[in-house]
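Beneath this line is the structure, given in structure tokens, with notes to follow.
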Amino acid sequence: MADAKTGELMEKIVSLCKRRGFIFQSSEIYGGLNGFWDYGPLGAELKRRLKDCWWRSMTQKRDDVVGLEASIIMHPKIWEASGHTTTFSDLMVDCLLTKKRFRADQIDPQSGVAWFYTGAVDEQTRKECKDAFSVLVANGKHPEHARKVARQFYQERGLASPSLAGERSEEVKDSTRYNPENGGLLTEPRPFNLMLKTYVGPVESADNLSYLRPETAQAIFAQFKNVLETSRQKVPFGIAQIGKAFRNEINPRNFTFRSREFEQMELEFFIRPDEAVEAICGRVAKPTAPGHPGEPQSDWGWQMWHQYWVEERIAFYESIGLPRATLEEYWQKPEELAHYARATVDLLFKFPFGAQELEGIAARSDFDLSQHQRHSGKSMTVFDEELKGAWGKLAAARQAELAESYFQARLKYLTKMGLPGERADKQAREEAEALGKGYYIPHVIEPSAGVDRLALALICHAYVEDEAPDEKGKLEHRVVMKFHPRVAPITVAVFPLLKNNPELVKKAKEVRDLLRQHLPVFYDEAGAIGRRYRRQDEAGTPFGVTIDFDTLGEKGPELQDTVTLRERDSMKQERVKIGALAAKLLESSR
Ligand code: ATP
């Protein structure tokens, strides 16, 4: 729970985000729209840079991952196959008095005395309302509070001056049945589907109903075959995508942390089922120690791949300036796992409002591709030449053992999906037989991260208040955003010492144009140099370059064409040759 101090820190961060143009409320001039946010100039750069970092590390720096950019609105059957139309819901409760809606699992348990009423009668008209109602009053608080809230409830139901009926009270402990704001009774929890609906085409009919995607992952599964056939990849390989997702969250909160429109960065990494690995390699390697398991090996089973991706993702966060100590790994307990998941690790970031999910890394078995195969009628199996060759060399008893293990896994899935016993059995047998010929549906490991949550984590982690000397060397309070140079919205600011000296300005613009070819640069000539530094500290710019009279050669040829390079965090300054600047800055921001 956020206490006053962390609340105050969040307020400062939210206010800096607005003041410096990182994040604005969407539609602010019309009062805003709850759960929607806009990124200003610095925020847009920050997001762009961290998406670039993710894309580079996930696709361009690897041979085994390719990219995809799919449409936001897809065939509604995709969401039937994925289970979103039936199960993508949160339990919600409404306050019976104010109609305010809450997510059931976000109501904190409360204790006190509950006052019950069987109904009420209007004192003037004698009109009756028989709706039962109750109000929770904290221990020690006067029951008159309960009566006041109850009267409002019956007034809402058309009794101008209600006289309450059947009052009785009862001690209540740790109840989540009451509105924490007014003590009024809540409705029973009901599922609320989080998908945002729209209609495609000119007619608003049930046939044209579509959804704004609640995750980017499903497009990857739906396009799996096309990508496989055109990319010359072989399992194990992955497909990565960055894009918008939409969820009609019941209670958007904690600034951008829980929004209704957000961006995801998702990888679906397809691997062989363990039976195929065993047939090919004669064994299935499993994790033996915590930590990064090193370069992928062909004998890895799903557990090794899962551990590999957890460690890869943590290494990614470290590389953009979120140290391991700011993160927590939460391994979901068996009872928390989705029915198809074999293991899920949530990577949490320690936000000021508590440690909360930044990314989930799930081992999802072959569930997703199996579902799309079943719903679309299109085969999602791959042919694995190596498996076919290896299978033929296995002893008959080993073949039978592996086929049985695969049969059992497929039977479990097919039965769970409601296929009648005999048909499930027949299909699972056929699939186990096909395994021996080199065919299977790939399993998948899914690291799924949110761009906006990551941007917020970086902003929270970067925010520091310290002291820095002003023009005259006097220490003054400064706010500095200590972004890692890899993600900072601006890498370097270029300042001519004086605005009104044409030679300094000309030289500074030359330096700006030179650096601009390689890095995001900001040119600023307005105000005292100390103030210009301070502005860049708040923007999180890691380097500042000042062009002064020494640069122009006034102190002799030695300092000519050198500039002062100032580092934001240490505030250290050094003289650097203009010709060496770009390489130096690139080295620390790549
Ligand atoms: P939560 O439990 O917080 O609702 P989730 O487990 O439903 O999240 P996933 O479906 O696993 O989230 O989505 C993957 C990632 O997408 C999350 O780790 C998060 O970074 C991001 N994400 C999900 N929902 C939101 C949201 N409403 N606003 C911002 N980012 C989100």
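The values are calculated or read from the model by the stated rules, or taken from the named source; none is laboratory data. These numbers come from a predicted model, not from an experiment. So basically every Cβ, Gly included, is an ideal-geometry build from the backbone, and we count neighbours across all protein chains shown. What goes into the accessible areas is simple: the full protein's heavy atoms, side chains included, and nothing from ligands, DNA or RNA. Shrake-Rupley method; radii C 1.70, N 1.55, O 1.52, S 1.80 Å.
Among the conditions (1) more than 16 Å from the ligand (Cβ to nearest atom); (2) not in a loop (DSSP other than H, G, I, E, B), the only one that Val203 does not satisfy is (2). Of all residues in the range 442-460, those that are within 14 Å of Ala217 (Cβ to Cβ) and near the ligand (Cβ under 9 Å from one of its atoms) have Cβ atoms under 7 Å from Cβ atoms of residues that are part of a strand (DSSP E or B) and of a type in the set (Gly, Ala, Ser), 6 or more apart or on another chain, in Glu446/Ala362; Ser448/Gly360.
For the residues Ile314, Ile250, the requirement of being within 16 Å of the ligand (Cβ to nearest atom), touching a residue at least 12 places away in the same chain (Cβ under 8 Å), surrounded by 18 or more Cβ atoms within 10 Å (Cβ to Cβ) and in a helix (DSSP H, G or I) singles out Ile314. Of the listed requirements (1) surrounded by 15 or more Cβ atoms within 10 Å (Cβ to Cβ); (2) at pLDDT 95 or above; (3) part of a helix (DSSP H, G or I), Asp52 misses just one: (1).
Of note, Pro180 does not satisfy the criterion of being under 30 Å from Ser89 (Cα atoms), within 16 Å of the ligand (Cβ to nearest atom), in a loop (DSSP other than H, G, I, E, B) and touching a residue at least 12 places away in the same chain (Cβ under 8 Å). The condition of being modelled with pLDDT under 95 and not aliphatic (A, V, I, L, M) holds for only one of Glu471, Glu510, Glu503, that being Glu471. Listed here are the helices (runs of 4 or more DSSP H) enclosed by the range 450-541 that have at least 1 residues being closer than 27 Å to Gly243 by Cα and open to solvent by 40 Å² or more (accessible area, probe 1.4 Å): 451-462. Restricting Gly238, Gly243 to residues that are in a strand (DSSP E or B), small (Gly, Ala, Ser), away from the ligand (no atom under 12 Å from the Cβ) and in contact (Cβ under 8 Å) with a residue 12 or more places away in the chain narrows the list to Gly238.
Count of the range 553-580 residues, restricted to those that are open to solvent by 60 Å² or more (accessible area, probe 1.4 Å) and touching a Phe, Trp or Tyr at 6+ places or on another chain (Cβ under 8 Å), is 1.
What about Pro180, is it under 24 Å from Ile250 (Cα atoms), at pLDDT 95 or above and surrounded by 14 or more Cβ atoms within 10 Å (Cβ to Cβ)? Considered against the rule, which asks whether it is under 24 Å from Ile250 (Cα atoms), at pLDDT 95 or above and surrounded by 14 or more Cβ atoms within 10 Å (Cβ to Cβ), Pro180 comes out as no. Here's a check for you: in the range 517-541, which residue that is among the hydroxyl-bearing types (Ser, Thr, Tyr) and without any contact (Cβ under 8 Å) to a residue 60 or more places away in the chain is nearest to Arg486 (Cα to Cα)? Applying the filter and picking the extreme gives Thr541. For the range 327-349, the tally of residues that are within 15 Å of the ligand (Cβ to nearest atom) and either open to solvent by less than 20 Å² (accessible area, probe 1.4 Å) or outside any loop (DSSP other than H, G, I, E, B) (or both) stands at 14. When the range 253-263 is filtered for residues that are touching a strand residue (DSSP E or B) at 6+ places or on another chain (Cβ under 8 Å) and assigned to a strand (DSSP E or B), the ones remaining, listed by number, are Glu261, Phe262, Glu263. Please indicate, with yes or no, whether at least one residue in the range 262-271 is open to solvent by 10 Å² or more (accessible area, probe 1.4 Å) and in contact with a Leu (Cβ under 9 Å, 6 or more places away or on another chain). Taking every residue of the range 262-271 in turn, none turns out to be open to solvent by 10 Å² or more (accessible area, probe 1.4 Å) and in contact with a Leu (Cβ under 9 Å, 6 or more places away or on another chain).
Scanning the range 264-297 for residues that are out of contact with any helix residue (DSSP H, G or I) (no Cβ under 6 Å at 6 or more places or on another chain) and assigned to a loop (DSSP other than H, G, I, E, B) returns Arg272, Pro273, Gly282, Arg283, Thr288, Ala289, Pro290, Gly291, Gly294, Glu295, Pro296, Gln297.
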